Amino acid sequence: MMKFALAGNPNSGKTTLFNGLTGSTAHVGNWPGVTVDKKEGVYKKCAEPISIVDLPGIYSLSPYTPEEVISRNFILDEKPDCVINIIDATNLERNLYLSTQILEIDVPMVIALNMIDEVEKSGDVLDAKKLEEKIGVPVVEISALKGRGLDELMTRAYEASRTPRKGRTVLDGTSIVHLIGDCKIALEGQKVDNALFHAVKLVELDELEVKMHPDSAFMVEEFKKTFEDDTFGTDFDAIIADARYKYITKNCSPALVKKVRSADAPSRSDKIDKVLTHKFWGIPIFLLILFALFHLTFSENLLFLGAALPEGWVALEGTALEGVFGDGGINSPGVVLFNLLDLATSSLGEAIAGAMEAGGVSEWAIGLVCDGMLGGVFAVLSFLPQILLLFLFFSILEDSGYMARVAFILDRIFRKFGLSGRAFMPMIMGFGCSVPAMVNTRTLADEKERIATIRVIPFFSCGAKLPILTAIAGGIGLTFGLPHTDLITYGMYVVGIVVAICAVLIMRSTTMKGEVPPFIMELPTYHLPQFKNLMLHLWDKAKHFVQKAFTIILASTIVIWFISHFSWGWNYLPDEQINESILAGVGRLLQPLFTPLGFGSQIGSFGWVFVVAAITGLIAKENVIATFGTLAGCITAGFVADEALEGIDAVASMIGATEIGVPALIAFIVFNMLTIPCFAAVATAKAELGKKRFNMTLVFWVVTSYVVASMFYLIGEWWWTVFIFVAVWAMVITLVILNKQGKINLDVLNPKNVIAKIKTLKK
Amino acid sequence: MQPIEIVLIVASVLVVVAVMVSAIVKKAKGKSGCGCGCSGCPHASACQSKKTKKA
Amino acid sequence: MEKLLSEFKIGEKGSVKSVAGDGPIRRRLFDMGVTPGAKIVLKKCAPLGDPLEVNLRGYELTLRKAEASFVTMEVER
């Protein structure tokens, strides 16, 4: 099948065009760096089906970030039949810079002038024909958003693909064009494809090129010694970049006739930025927005109106919907939806149990269905609305273009941790799912920054961890009668962020030491998020969550149910004997390990459930609560309650039965939040980091979660231990600072060095 | 045992085996087993293919 | 009059005279259009004073004072 590649600047509309051509729902965001891997789809309206590949956005083919390498390598190595170069017509000059480089490659090329509708709206006039004449490849006006011009684009691209095109450079007439010519001939002699492109890159002393063609690079060096340009000396980089833009401003910019307007008139984006990036209010506004997001999702006292309401007004006491909308305060939309779902699933569970009992089905079968199958899945399903809400809020923030502004505002702070504001994006993505967040770090040019960011992304609690935070906080509330459990939930998110900051600080001062990465980034114009797009993604996310629940989680809880109902001798055990099951045995075996965290040997009876739940979390973080759901059903039926409890009440009851204390519960949340993430995230981290670094990362996750969780427990139970911890941390920080200032050298602690030292000693 | 109970056991085993097998198959294909899908993944594509690893 | 981009005041305009430094940062600045002759206007500073937001070639770019100090500008009267 023919293959066409979509290449262009970030935010030029490639992915919108991709969606328009292939009918797919690849995600579109509004900050530089959303697509960081290639996506493929099929265009079916031509004579033959064409595979369309959406490449990550790049500003140039001189790779600065890993994502730019992906695009460059694709065009050079995969040899697409045609490259569709998308240009943001409202941003012509900078977009054409890339075009002049693609022109140098021997590949058919078509320019898509996107966002033509915005150009027309602003009153500017763009002459596509003129541009086509000057540049020498077809130029088609399109609006990917409105679906305009797409068919014409594909027709012309198809035509172009049938004739091979030789690369040509716009650098003719510059002082170094002869050098480029000589390099090209030399490369052609070596049978190198795309000789012209490689020749230009060599003259630019592009790092990848120099590595690949050392002899030609040598030739360039020799020439440099004999060369002297008036303005730039032997600075070939500058000569070429300058020549490209000179060409663009001379030949292409005239095709765009700007409407006469005051040059300083603020655009709509400028006006919005006046508020959002205001000198004083910028940061408070951001914090407020973040708080509002979480408030709408978790709060049990919306807008803090609780005190002002008349008694029992919202509680709907005595009705079936008791407590759903609030109790002492109005519940936020997220909590209302959770309550409704919890109610629905609980009722359904009870109904099924009732029906099965009436049908004379044996007790174990009822247990398998209600606890093993439904108990786990339903426990997790109720959290879907809140997960979707958070996802929706963050999507809106990203699609609008606000995220780039936040990176802009926070860069100064990030710099103190050794990161650039750019690292903010993947971290915020971590609140959705760690996997795409880790992949997104490919937009970071600095390798060490990238590694440090990947390592802390799991600390930004993903959607799957939300049930843990909320359910246990709720369990704490129900068991110990503590109000405002949403504060605990907020607090846990904050803990994650704080630990991430500290971890990065320590890493950047020790093993990931390096220069502060530069921060040069485009601020895209604000766009109103497309409603249709948003809804499509919400639906997609919901679908995948439910799918995950009824496959992975269901399978896990079934297995858990089985091994919690059989003894070591393979006898079936009813609920009351759950403590003698294989599962309980394994749990009790591992319990002592978690004593410093509060859920180890110190809790008798059912304490092993915590350890077991944490381990099942390795498969999928939702499993922690699913496991609780399943086991709670069995335990409460067998021991605790007179009537069968369902849903969150069952979990709370089970927690109470273990006699665990609040600090230990908090430690449990913290541990699960910070420890090794789910298999998928682990696999992604391994792929992004490489084996060696990855192994260190596993250790890092285990150690960090263990230490921080134990801190919460120990300080919570025995407040005076805080002094010990402060002392230890003060020592660590002092060592780190001294290391940074070069006064001492902590490299001796670096595992690599330790191993090397041992090796030399052995010799 | 009642027929419904037999059905239950069979269904349980099927589910568990199916999930495990598909997980192994996914891993062999090199795809990450995230709850998200490829093109529907929020924010970015998470599919790994050997060629796109950083050079 | 020559001035470093990092020393610009808000609203000040000029055109690029030269870009110093070497390596990836410089190349990145070129890729983003900061080449000799480019017209740049300083739009604002971030709430904490750094980074800066400039307008050039029809779009908004943000960069730190450190990176901006590589760019020597000819101030427009």
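Each value in this text was obtained by applying a stated rule to the coordinates, not by laboratory testing. What you are looking at is a predicted structure, and each value in this text was computed from that prediction instead of being measured. So basically every Cβ, Gly included, is an ideal-geometry build from the backbone, and we count neighbours across all protein chains shown.
Overview of values
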| read-out | value |
| --- | --- |
| Distance in nm between pseudo-label sites at A:Leu305 and A:Ser362 (7 Å out along the Cβ direction from Cα) | 5.4 |
| For residues of A:429-439, the mean tally of beta carbons on other chains within 10 Å | 5 |
| Helix-only mean residue ellipticity at 222 nm for chain A, each DSSP H run of n ≥ 4 adding -39500 (n - 2.57), per residue, nearest 500 | -17000 deg cm²/dmol |
| Residues whose placed amide H lies under 5 Å from that of C:Lys13, excluding near-sequence neighbours | C:Glu76 |
| Packing-based exposure ordering (other Cβ within 10 Å, fewest first) of A:Asp124, A:Asp172 | A:Asp172, A:Asp124 |
| For region A:423-568: rounded, prolate or oblate by the Cα gyration tensor [a/c cutoff 1.5] | prolate |
| Gap separating the Cα centres of region A:188-218 and region A:522-543, nearest whole Å | 42 |
| Inter-label distance for C:Ile10 and A:Asn73, nm, one decimal - labels placed 7 Å from Cα along Cα-to-Cβ | 4.4 |
| A:Ile755/A:Trp720 FRET efficiency (R0 45 Å; Cβ-Cβ; nearest 0.05) | 0.70 |
| Value of relative contact order over chain A, rounded to a whole percent, pairs C-alpha under 8 Å and six or more apart | 11 |
| Region A:2-161 - share of DSSP beta bridges that are antiparallel (%, nearest 5) | 25 |
| Modelled FRET efficiency - R0 41 Å, C:Met1 with A:Val494, Cβ distances, 0.05 increments | 0.25 |
| Summed side-chain charge close to A:Glu141 - residues other than A:Glu141 whose Cβ falls under 14 Å, Lys, Arg +1, Asp, Glu -1 | -3 |
| Exposure proxy ranking, count of Cβ atoms within 10 Å, fewest first, for A:Val435, B:Val17 | B:Val17, A:Val435 |
| Helix runs (DSSP H) in chain A reaching 27 Å along axis by Cα, Kyte-Doolittle at least 0.0 | A:333-358, A:485-509, A:691-717, A:721-740 |
| Antiparallel content of DSSP bridges confined to the protein assembly as shown, in %, to 5 | 65 |
| Pairwise FRET efficiency - A:Leu290 versus A:Lys250, Cβ, R0 = 56 Å, nearest 0.05 | 0.75 |
| Label point distance in nm, A:Glu515-A:Asn695, each placed 7 Å from Cα along Cα→Cβ | 3.2 |
| Label zone at C:Ser18 (point 7 Å along Cα-to-Cβ), backbone N below 12 Å, region C:54-77 | C:71-73 |
| Nonlocal amide H pairs with C:Met73, under 5 Å, H built at 1.01 Å | C:Lys3, C:Leu4, C:Leu5, C:Lys17 |
| For region A:2-161: rounded, prolate or oblate by the Cα gyration tensor [a/c cutoff 1.5] | rounded |
| Alpha carbon centroid spacing (whole Å) that separates region C:1-66 from region A:371-426 | 31 |
| 19 Å reach of a label modelled at A:Arg268, 7 Å along Cα-to-Cβ, counting backbone N of region A:400-439 | A:400-405 |
